[in-house]
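A quick write-up on the structure given underneath.
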Amino acid sequence: MAPVSLLDLVSALPAKEAWGPEVSSETMLDGVPYAPYSKADKLGRMADWTDGKDRDRGGRQNYGGRNYRDQQVYGANQTTNPFAVQMAEEEATFSVVDNSRTSARGRGFGRGGGTVFGRGRGQRGGQAQRGGRGAFQRVGGGRGGQQYDNRGGRGGRGGRRFGRWDDKPQRNRDASVQVKPDWQVLEEMDFTRLAKLNLATGDGEDIDSYGFLYYYDRSYDKQPGAVTSQRKLNVLERAAYNVTTSSDPILQELAEKDEATIFATDSILSVLMCATKSVYSWDLVITKRGSKLFIDKRDNSNLDMVTVNENATDAPLETSEGNKDTMNSPSALMLEATHINNVFPLQVVNESQTNKVEMPHEHPFYNEEVESDPPASKAYKYRRFDLSLDQDEDPLHLIVRTEFDAVVKNNINGEDQYLIIKALNEFDNKAQGSGGALDWRTKLASQRGAVLATEMKNNAFKLARWATQSILAKADSMKLGFVSRANPKNNNDHVILGVLTNKPRDFANQMALNLNNGWGIVRTIADMLLKMDDGKYVLVKDPNKSMLRLYSVPENTFEEEIEEAPIQEEEENDS
């Protein structure tokens with residue numbers, strides 16, 4: 001038999017049994033329409049040995065301006081294209097193989113992420129964040145829909161991923177006053193809006209003066225930092241007062257005479273005018289009676305306390321935040337600084353009953369029948385400022401009670417110059433919360449400018465208040481004492497290292513303090529309240545956001561606490 005070739009066998013097969021797919025004119029395959037593939041179509045992957053960086057950066061391979069790996073050319077809508085890869089299902093069971101070493105810092109609270117926890121200045125966060133220092137959320141004005149991080153985070157458009165403060169969580173401070181459920185929020189004002197306000201106001205006019213002043217001891221003006229200029233800070237018992245607006249009989253009398261619309265003290269008014277520089281929470285109580293506004297503080301308010309390094313980038317930590325050094329916690333430092341500012345002005349004056357300046361009227365608060373201690377050197381000057389605008393039908397005036405601490409003779413003409421005396425304090429330049437302060441004992445004499453500049457940065461709110469109070473009183477000079485601990489581990493004994501003299505206006509210019517902005521804040525809040533019904537209102541600085549909130553509160557708010565205290569004391573005594 002002759003051999004048969006493979007070709008002969010194939011040609012002998014019937015046509016229907018030939019190799020290959022059958023020829024069909026149908027365009028449906030089990031109900032699914034035929035769709036051509038593109039070479040850029042993603043059919044799936046068995047393993048991905050990248051760490052996802054290619055996708056995050058827009059793809060390592062770009063094909064026609066598109067991500068070559070991850071985009072569908074045909075049928076990009078995955079809901080209508082049965083051949084599209086369902087990424088959600090695939091990624092749910094897919095694990096990225098990554099053997100590279102990643103620092104914990106890179107995984108932490110970096111600036112490139114969507115959420116910013118850092119506290120540094122000029123931080124950058126997610127795409128939705130961009131803003132100036134201090135504002136958390138824009139209420140109005142500027143670019144709408146923008147979010148802000150707590151202490152001035154600036155977000156958007158990528159930016160550096162790492163910084164010194166990236167790994168530090170956001171502070172959660174307590175409010176200065178407990179907000180009750182029956183308090184109604186009327187307004188929210190972020191610092192960004194407040195910082196744009198402006199109102200030009202004159203120097204004001206004097207109405208009347210009370211009290212007396214001793215002369216300043218010029219021996220404290222020796223070269224600061226020198227060993228010969230160091231003196232121990234002594235504690236003197238003198239009767240001093242911090243009377244709020246509504247309790248001041250002079251202000252009440254001026255209100256009855258319809259001398260002004262707004263009444264306040266310099267300590268209270270300076271808080272409002274410098275509000276945008278504050279970090280810690282504070283609150284003011286504002287009472288509207290008819291056409292009059294009285295701006296008050298609560299009894300035992302934290303406004304009576306002197307803060308320390310409130311504005312420092314690395315501010316002192318509370319014990320609840322992990323600070324084991326209770327002596328250098330914010331509350332302990334505030335008590336120490338307040339004590340120093342109470343006794344320092346008493347020590348730097350020459351107490352002489354025959355050589356002092358008497359004001360036209362006697363001390364308005366001192367009662368020798370009740371007090372056992374002599375009064376401190378203090379003069380109160382009541383001054384009026386015009387906050388009116390050209391379009392106002394009626395004038396808007398404000399009366400503020402200002403204070404002086406001492407008087408000094410001018411070396412040229414022999415005239416009396418009025419002084420305001422304050423004190424900065426050094427606790428430990430190596431402790432947490434020192435804010436990079438220099439060693440005063442070694443640097444104050446040779447680098448006083450650098451020492452003062454550091455204090456302006458770390459205590460911007462406190463120094464701005466002091467400068468504002470000096471300008472409101474129209475003081476001739478402001479004496480700034482530098483008081484340090486005798487031993488950094490002992491907060492009871494202090495030494496005076498020196499005193500610097502500053503002109504209030506010049507000092508304000510060095511700090512870039514804008515008084516017109518402060519007057520604009522006062523006028524804006526006054527306009528807000530004058531349109532409301534008579535009653536009591538509370539203005540609160542948010543403890544964790546750069547924002548003010550105005551609450552409407554019941555008329556008896558804070559009065560119940562005063563009434564309950566004696567009742568509790570009686571019950572304890574009876575038991």
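The values are calculated or read from the model by the stated rules, or taken from the named source; none is laboratory data. Given the structure is predicted, the values throughout are model-derived calculations rather than measurements. Every residue, glycine as well, gets a Cβ built from its backbone with ideal geometry; the counts of neighbours run over all protein chains shown.
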Qualifying residues in segment 198-220 (those that are modelled with pLDDT of 95 or more and hydroxyl-bearing (Ser, Thr, Tyr)) - the one surrounded by the most Cβ atoms within 10 Å (Cβ to Cβ): TYR216
Positions within segment 304-321 being over 16 Å from LYS422 (Cα atoms), more than 12 Å from the chain's Cα centre (by Cα) and either surrounded by fewer than 21 Cβ atoms within 10 Å (Cβ to Cβ) or not assigned by TED's automatic domain parsing to the domain that holds ASP283 (or both), in sequence order: ASP314, LEU317, GLU318, THR319, SER320, GLU321
Residue in segment 387-395 that is part of a strand (DSSP E or B), of a type outside the set (Asp, Glu) and more than 18 Å from LEU251 (Cβ to Cβ) present: no
Total residues in segment 315-340, condition outside any helix (DSSP H, G or I) and farther than 18 Å from ASP174 by Cα: 2
Matching residues in segment 346-362 - criterion: being surrounded by fewer than 19 Cβ atoms within 10 Å (Cβ to Cβ) and either outside the structural domain of GLU415 (by TED's automatic domain parsing) or assigned to a loop (DSSP other than H, G, I, E, B) (or both): GLU351, SER352, GLN353, THR354, ASN355, MET359, PRO360, GLU362
Residues satisfying the stated conditions in segment 294-303, i.e. surrounded by fewer than 23 Cβ atoms within 10 Å (Cβ to Cβ) and of a type outside the set (S, T, N, Q): PHE294, ASP296, LYS297, ARG298, ASP299, LEU303
Per-region count, segment 322-340, residues in contact (Cβ under 8 Å) with a residue 60 or more places away in the chain, of a type in the set (S, T, N, Q) and surrounded by fewer than 19 Cβ atoms within 10 Å (Cβ to Cβ): 1
Given (1) assigned to a loop (DSSP other than H, G, I, E, B); (2) aliphatic (A, V, I, L, M); (3) more than 21 Å from the chain's Cα centre (by Cα), number of the condition VAL343 does not satisfy: (1)
Among the residues listed as LYS536, LYS531, the single one being basic (Lys, Arg) and more than 28 Å from the chain's Cα centre (by Cα): LYS531
Subset of segment 474-523 [under 27 Å from the mean Cα position of the chain (by Cα) and acidic (Asp, Glu)]: ASP506
Qualifying position, being at pLDDT below 95, surrounded by 23 or more Cβ atoms within 10 Å (Cβ to Cβ) and in the same structural domain as ASP386 (by TED's automatic domain parsing), among LEU444, LEU472, LEU463: LEU444
Subset of segment 481-502 that is among the β-branched types (Val, Ile, Thr) and touching a Lys or Arg at 6+ places or on another chain (Cβ under 9 Å) - its residue that is surrounded by the fewest Cβ atoms within 10 Å (Cβ to Cβ): THR501
